[in-house]
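A.B. asks: The structure follows.
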Amino acid sequence: MTYRFNLNSSDGDNGSDKVIYQQKPVSVSVYANHKRSWINLTLCYFLVAFAIYMTSMAVMASGKQSNDTVPMAIDELKAVGQGEMQWLFISLYQAKLYSVDGQYKAKSYPHALDITYEVDIDKEDLVSATQDQWGKLSFEGQKYQRWLGQLSSIWPDIKSGDKLTFVVTDNSHSQFYHNGELLASLEQPGFADAFLAIWLSPNTSRPALRKQLLGINRSKQ
């Protein structure tokens with residue numbers, strides 16, 4: 001495109017000087033390239049944002065599913081009793097026992113033991129305490145040593161406020177949960193009864209806690 005400017009005030013003067021300015025044409029290809037780059041960049045941002053959103057939704061859904069597992073199992077049961085475990089006036093944990101009808105029967109399934117810890121405990125100390133309690137109940141032998149090894153690989157280190165839940169579907173099938181997340185499913189005949197015996201056996205080292213869990217004092221009121 002060309003612009004013509006007449007520098008002489010007289011339109012009729014043929015000798016007037018003229019200056020001609022010629023505008024360079026805008027490159028269509030450059031404009032198109034910039035437009036495509038902007039579109040591609042916008043699309044990339046959108047795809048990244050969408051991927052982040054979908055990932056976060058998947059994580060939230062996974063967390064909700066795992067956290068709902070234990071409450072759903074316990075919601076189908078009724079509380080039998082609850083009690084507190086202390087050592088030298090220090091509260092170690094709060095325990096609750098659940099069964100189908102609110103009454104505990106050793107061979108009646110399912111039932112669950114729910115423990116909320118009030119102190120930090122390393123898993124090695126948990127396994128050691130389990131071994132000590134089994135020893136006091138005269139539970140000894142290779143199968144108990146094998147079970148202790150399995151517990152060492154299953155249990156995590158416990159922090160104050162953590163919840164460890166033991167759900168028993170029958171004498172051969174049980175599950176451990178940590179804060180609602182499944183740790184392991186066990187298919188070990190006799191393990192569930194042996195583990196619960198730490199709290200529920202008549203020979204337990206904590207008879208007062210046993211009575212609380214079984215609701216014995218409550219039933220007499």
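A.B. asks: With the Cα gyration tensor of region 93-221 giving a ≥ b ≥ c as the square roots of its eigenvalues, does the rule (a/c under 1.5 for rounded; else a/b larger than b/c for prolate; else oblate) give rounded, prolate or oblate?
C.D. replies: Working: a/c = 1.35, a/b = 1.23, b/c = 1.09.
Because its axes are fairly even, with a/c under 1.5, region 93-221 counts as rounded.
A.B. asks: Can I ask one more? Choose one of Pro207, Phe195, Gly141: the residue whose Cα lies farthest towards the positive end of the charge dipole of region 138-221 (beta-carbon charges +1 Lys, Arg; -1 Asp, Glu; about the Cα centre).
C.D. replies: Pro207
Any read-out appearing in this document is the output of simple, stated calculations on the displayed coordinates, not a laboratory observation. Remember, predicted model here, so these are calculated numbers, not experimental data. A quick note on method: Cβ atoms are made from the backbone with ideal geometry, for glycine too, and the neighbour counts reach across all protein chains shown.
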